[in-house]
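Computed from the coordinates by the stated procedures, all read-outs in this text should not be read as laboratory data. Quick caveat, the model's predicted, so the values are computed rather than measured. Note: ideal-geometry Cβ built from the backbone for every residue, glycine included; neighbour counts use all protein chains shown.
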Amino acid sequence: MIDLKFLRENPETVRESQRTRGEDPELVDRLLEADQRRRDAISAATTARTEAKAFSKSMGKKMKDASPEERDELKAHGQELAAVTKVEEQKEQQAEQDVHDLQFQISNIVTGAPAGGEDDFVVLEHIGTPREFDFEPKDHLELGESLGLIDMERGAKVSGARFYFLTGDGALLQLAMLQLAARKAIEHGFQLMIPPVLVRPEIMAGTGFLGQHADEIYHLDTDDLFLVGTSEVALAGYHADEIIDLSDGPVKYAGWSSCFRREAGSYGKDTRGILRVHQFDKVEMFVYAKPEEAEEIHQQLLAMEKDMLAAVEVPYRVIDVAGGDLGSSAARKFDTEAWVPTQNTYRELTSTSNCTTFQARRLKTRYRDDNGKAQTCATLNGTLATTRWLVAILENNQQADGSVVVPEALRPFVGKDVLTPKAAK
């Protein structure tokens, strides 16, 4: 939710942000008008309450010396003032709701991101060189099946399309990634958390996930709870309606959880294997910070993601995501995309977003500044490891005999240097 004070003082900045996102700049003017109506309604309601209260105080004295007719007139006038107050307060409540509704329609203000849509990102750097194979590389699913790592057929039998089993060394390989991510997070001062994967509507809405992409989210109608697509949601709600202590620096959490996405509208895309699935596991970083620290912390989260990708030994690139491809909460987002040999392209593995004060303002999470005044926190998030990484790890580390070399950093967790096809064992 954007800051109304900032909006009043910088309306063109917000309009330009809306244009950068490909969203409606006229919402800015509608919100400004609603904000003015709200302030007028607050003033009118305050005046009505003041008049009613003052009359009520004076009425007692006047009633003592008044005739029966005058007393009736005094009572009638008091009732009239009470009725006017009630009407003005109803107008005030409606005006507040109108502002609230419009605020929730305007996305966070884009900061530094390029304009455009999904294809208008800017490549910031390439790390590593795509491997030249002297044999025809197999895709991750063929490798996963031959190595006994992935079972899509039984996943579909049990749960439907886009579900899967990770089996044997496949399960160990995923746990290895997540364990390594958890250890790296702890080394960088993050508190490890295993959060709930079901959250209340106000928490899901507060993080900005019930807007344009609400159809991606699983909803349990009977319980009115949502399954999270990232532990960012639960971690953002962890300190809702609280004033937290940032005097010793940012508060940092790393959430390890299963995640769920409906992948609505993506049928026909990436349906083979585990690149785009309904359930996956992830370690997600989440940071509460002072707003002036957010840009520096954003770079720190990106550096941690790059460190993890180096550890699993895959070539990748870093992109600055265009404004039109940002989620509603993000002011800026960097993605890291690994090279997938059989697709001859880069595919997203991680992202890190600076959400500035957008989420915390919705969730009423604040801190006290040096003067003791409550201020809205900034929030940031970033992925350290997730199931999708298996795609890049398997394809980039495969050998001509169908085996896959386990990245050195994962070997202590997997217990093997090489994963060998079943027939070769």
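Things to note:
- Whole-number percent relative contact order across the chain, with pairs defined as alpha carbons under 8 Å at least 6 apart: 20
- The amide H of ILE243, built 1.01 Å from its N in the peptide plane, has ARG366 as neighbours under 5 Å, considering only residues 5 or more places off or on other chains.
- Under 26 Å from LYS184, Cα to Cα: lysines that are on another chain or at least 8 residues apart: LYS252, LYS282, LYS290, LYS306, LYS333, LYS416
- Rounded Å value of the spacing that divides the Cα centres of segment 370-412 and segment 105-120: 25
- Highest-first arrangement of 285-297, 131-143, 325-337, where packing means the average Cβ count within 10 Å: 325-337, 285-297, 131-143
- Across segment 35-42, computed HN-Hα scalar couplings (Karplus, 6.51 cos²θ - 1.76 cosθ + 1.60, θ = phi - 60°) run 5, 5, 4, 5, 5, 5, 5, 4 Hz from first to last residue, x flagging Gly and Pro.
- Residues whose amide H comes within less than 5 Å of that of TYR218, counting only those at least five positions distant or on another chain, are LEU227, ARG262 (H built at 1.01 Å from N in the peptide plane).
- Share of alpha-carbon pairs per 10 Å distance bin for segment 168-247, given as whole %: 15, 35, 32, 17, 1
- Whole-Hz ³J(HN,Hα) from phi, Karplus 6.51 cos²θ - 1.76 cosθ + 1.60, for segment 309-324, glycine and proline x: 5, 4, 5, 9, 6, 10, x, 7, 10, 10, 10, 9, 6, 5, x, x
- For segment 160-228 versus segment 300-362, the gap between their alpha-carbon centres in whole angstrom: 17
- DSSP beta bridges confined to the chain are antiparallel in about 90 percent of cases.
- Two-decimal log10 I(q)/I(0) for segment 4-105, as the Debye equation yields it once each C-alpha is a single scatterer, q = 0.10, 0.11, 0.16, 0.23 Å⁻¹: -0.46, -0.51, -0.74, -1.08
- Whole-Hz couplings from phi, Karplus 6.51/-1.76/1.60, listed for segment 365-375; x for Gly and Pro: 9, 10, 9, 9, 7, 5, 9, x, 8, 6, 10
- Between the entries [x] 63, 50, 40; [y] 72, 56, 41; [z] 109, 42, 42, the label attached to Cα extents along the principal axes in Å calculated for this structure is [z].
- Peptides 311-319, 184-192 ranked from most to least packed by the mean count of surrounding Cβ atoms within 10 Å: 311-319, 184-192.
- Other-chain or far-sequence residues with amide H under 5 Å of THR350's (modelled H): THR336
- Ignoring aspartates and glutamates fewer than eight residues from LYS138 along the same chain, the ones with Cα atoms less than 17 angstrom from its Cα are ASP151, ASP270, GLU395, ASP401.
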